[in-house]
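J.: Below you will find the structure I want to go over with you.
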Amino acid sequence: YEGYGVYKSDNAGQTWVNCGLISAGSIGRVNIHPEHPDTVYVAAMGHLFSYNSQRGIFRTYDGGNTWQQILYLTDSTGASDLCINPKNPQIIYAAMWERVRRPNRRSYGGLTCGIYRTHDGGLNWTELTNGLPSPGSNVGRIGIDISRSNPNTLYAIYADKIGYFEGVYKTTNAGNSWIQTNDGSLSDCYASYGWWFGRISIDPVDPNIAYVIGFDLYKTTNGGNSWMNISYADVHVDHHGLYIHPMNHN
């Protein structure tokens with residue numbers, strides 16, 4: 001749902017100031033450049049109930065004083081997720097999501113949903129298609145993550161236009177080609193609400209460990225060859241984020 005732009009703290013969270021993008025609707029992800037903290041990338045979904053052009057991927061070089069829109073597709077397609085290669089921050093991946101909602105209509109997918117990659121910090125982008133679902137009207141929300149220990153490995157999770165689980169895809173060559181994991185046990189991980197969560201997270205130490213963040217939580221320890229439900233009775237459903245401590249991945 002609607003947000004009010006990006007906020008920044010220079011004192012470890014004691015105080016915050018708004019630093020723009022107030023018309024960007026909901027913010028899918030904020031990623032800080034690993035070497036230059038004033039360089040920040042934002043994935044913005046845009047307004048929920050109306051068309052607007054302030055959506056897609058934005059970048060600031062000056063800590064949020066000014067922003068540049070570096071990836072824009074349509075006035076109904078925003079960015080749901082992004083990730084940066086920690087060893088080569090010029091390489092960035094963006095998950096784009098076509099989403100239209102009205103009082104009598106909810107269309108959460110379309111031809112412009114897809115994953116894009118840049119090698120030059122956002123000047124030029126290429127859509128990745130080799131092994132991923134073909135662009136189509138039934139493709140919905142996408143989540144993506146990159147391995148911190150081996151940035152050639154990424155995982156992406158797809159929902160269909162309604163919100164049902166579509167598949168988890170993995171690349172070990174930086175996105176040049178992808179294969180679908182053995183994810184039959186995840187068939188109900190979204191329970192038709194894939195537009196409500198849609199995240200995947202990779203362990204910072206071991207790229208064979210990854211977590212699907214959905215209606216329940218699922219985990220693989222063998223690179224996607226099998227998945228197990230790690231939710232329990234005392235863990236409520238509907239998961240939206242997961243943090244793994246980089247110094248203790250347990």
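J.: Expressed in whole Å with the largest first, what are the equivalent ellipsoid semi-axes of the chain derived from the C-alpha gyration tensor as the square root of 5 times each eigenvalue? If you can, show how the numbers build up before the last one.
T.: Numbers: eigenvalues 131, 96, 69 Å².
Values for the chain, descending: 26, 22, 19 Å.
J.: For the chain, what is the accessible area per residue in Å² when the probe is 1.4 Å? Show your work: numbers first, answer last.
T.: On the way: 11530 Å² over 250 residues.
Roughly 46 Å² per residue, with all protein chains present.
J.: Leaving out ligands, DNA and RNA, what percent of the accessible area of the range 19-104 is carbon and sulfur, probe 1.4 Å? Walk me through the intermediate numbers first.
T.: Numbers: 1660 of 3380 Å².
Carbon and sulfur together cover 49 percent of it.
J.: Per the Kirkwood treatment, what hydrodynamic radius in Å, one decimal, follows for the range 42-177 from the mean inverse distance over all distinct Cα pairs?
T.: Values: mean 1/r = 0.0660 Å⁻¹.
When all Cα pairs of the range 42-177 are included, the Kirkwood radius is 15.1 Å.
J.: In a Debye calculation with equal point scatterers on the alpha-carbon sites of the range 150-214 and no solvent, what is log10 I(q)/I(0) at q = 0.13, 0.25 Å⁻¹?
T.: At q = 0.13, 0.25 Å⁻¹ the computed log10 ratios are -0.34, -1.07.
J.: Now for a separate question. For the peptides 99-107, 25-33, what is the packing order when you average, over each peptide's residues, the other Cβ atoms within 10 Å and list the highest mean first? Please list the in-between numbers first.
T.: Values: 99-107: 12.6, 25-33: 18.8.
Highest to lowest by the protection proxy: 25-33, 99-107.
J.: Regarding the range 131-250, what whole-number volume in Å³ per residue does the convex hull of its Cα atoms give? Intermediate results must be reported in sequence, preceding the final value.
T.: Numbers: hull volume 10.7 nm³, N = 120.
Output value, Cα hull per residue: 89 Å³.
J.: While we're looking at this one, here's another question. Using a simple charge model, +1 on the beta-carbon of Lys and Arg, -1 on the beta-carbon of Asp and Glu, nothing else, what dipole does the chain show about its Cα centre, in debye to the nearest 20?
T.: Numbers: 17 positive and 20 negative charges, 93 e Å.
With only Lys, Arg, Asp and Glu charged at Cβ, the dipole is about 440 debye.
The values are calculated or read from the model by the stated rules, or taken from the named source; none is laboratory data. Note that the structure is a prediction, hence the values are computed from the model and not measured. Because the Cβ atoms are built from the backbone with ideal geometry, glycine has one as well, and the counts that use them run over all protein chains shown. Accessible surface is based on the protein model in full, side chains and every heavy atom, while ligands, DNA and RNA are left aside. Shrake-Rupley method; radii C 1.70, N 1.55, O 1.52, S 1.80 Å.
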